[in-house]
1. Just one of the numbered conditions (1) closer than 14 Å to residue 36 by Cα; (2) of a type in the set (A, V, I, L, M, F, W, C); (3) in contact with a strand residue (DSSP E or B) (Cβ under 8 Å, 6 or more places away or on another chain) is not true of residue 114; which one?
2. Give the residue that is surrounded by the most Cβ atoms within 10 Å (Cβ to Cβ), with candidates limited to residues of segment 69-97 that are more than 21 Å from residue 154 (Cβ to Cβ) and either modelled with pLDDT of 90 or more or not small (Gly, Ala, Ser) (or both).
3. Looking for something in a helix (DSSP H, G or I) and modelled with pLDDT of 70 or more - is there at least one such residue anywhere in segment 25-36?
4. Please go through segment 50-72 and give me each residue that is assigned to a loop (DSSP other than H, G, I, E, B) and over 24 Å from residue 99 (Cα atoms), ordered by number.
5. Across segment 132-181, what is the number of residues that are among the charged types (D, E, K, R) and farther than 16 Å from residue 113 by Cβ?
6. Of the residues 36, 119, 78, 47, only one is within 21 Å of residue 141 (Cα to Cα), touching a residue at least 24 places away in the same chain (Cβ under 8 Å), β-branched (Val, Ile, Thr) and touching a helix residue (DSSP H, G or I) at 6+ places or on another chain (Cβ under 8 Å); which?
7. In this structure, is residue 47 at pLDDT 70 or above, in contact with a strand residue (DSSP E or B) (Cβ under 7 Å, 6 or more places away or on another chain) and not hydroxyl-bearing (Ser, Thr, Tyr)?
8. Only one of these conditions is not met by residue 114: (1) under 25 Å from residue 50 (Cβ atoms); (2) of a type in the set (Gly, Ala, Ser); (3) in a loop (DSSP other than H, G, I, E, B). Which number is it?
Amino acid sequence: MADDLDAETKLKIYTLILSRYKDTINQNESRSISEIRQKVSPYGEYIKKLRDRLLYDLVPYDPERSFLTAAERSIAYIRGVRTCEFAFNFWMSFEEMESLKIASALDKAMLFTALLRAIGSEDARVLVTKKGKVFVRYGWKGIVYLFNPQSDTLSSGGDSLGLFSDDPLAYSFNDLAYDNFEDED
């Protein structure tokens, strides 16, 4: 029966359903800190395979010689995923992101952080501000890099951390740690 409907009517019905069940979706899509940290693990099969695909010609991979090249390739991959913010919590697997080439800024940040960890960054972290903006911070050879998955832009150096003066950090995480800054003044 629904197959007989035109695309515009189907879209309106799907929009109505999502609007009606938004709270239920939010509740069912919530994740624990542990689950979020696991998602940025560099040890998952998908991340290992993606890393190997991106670094196919850098074998054997040596972070000391090729980290910046690997990071650039990872950024290029992430930039190939369009950013879409939803009106409700909705987590996508990395495989779904690759298939659809679309994800939220937070999902893109988690994928990029997992890739950075997989290519040798010990300090790559997802940063979330009090206003909900998402970034990825990592350092290499004394230089701090900040990637904005919403705009797909990369900045480096001390100026990159000045972005948080008007919108302080709420929390940051990777697979190794979670830091909450909400109670700090």
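1. Failing condition for residue 114: (3).
2. From segment 69-97, those more than 21 Å from residue 154 (Cβ to Cβ) are 86-93, 95-96; that's our starting set.
From what is left, the residues that are either modelled with pLDDT of 90 or more or not small (Gly, Ala, Ser) (or both) are 86, 88-92, 95-96.
Details: 86: 15, 88: 15, 89: 15, 90: 16, 91: 17, 92: 21, 95: 10, 96: 12.
The extreme case among them is 92.
3. Taking every residue of segment 25-36 in turn, at least one turns out to be in a helix (DSSP H, G or I) and modelled with pLDDT of 70 or more.
4. Narrowing segment 50-72 to residues assigned to a loop (DSSP other than H, G, I, E, B): 55-62.
Listed by number, the residues that qualify are 58, 59, 60, 61, 62.
5. Step one: list which residues in segment 132-181 are among the charged types (D, E, K, R), which gives 133, 137, 141, 152, 159, 166-167, 175, 179.
Going one step further and asking which of them are farther than 16 Å from residue 113 by Cβ, we end up with 141, 159, 166-167.
Qualifying residue count, segment 132-181: 4.
6. Working: 36 fails: within 21 Å of residue 141 (Cα to Cα); 78 fails: within 21 Å of residue 141 (Cα to Cα); 47 fails: within 21 Å of residue 141 (Cα to Cα).
Result of the check over 36, 119, 78, 47: 119.
7. Values: at pLDDT 70 or above: yes; in contact with a strand residue (DSSP E or B) (Cβ under 7 Å, 6 or more places away or on another chain): no; not hydroxyl-bearing (Ser, Thr, Tyr): yes.
Answer is no for this residue.
8. The single condition residue 114 does not satisfy is (3).
The values are calculated or read from the model by the stated rules, or taken from the named source; none is laboratory data. None of the values given here were measured: they were computed from a predicted structure. Cβ coordinates were reconstructed from backbone atoms using ideal geometry, including for glycine residues, and neighbour counts include every protein chain displayed.
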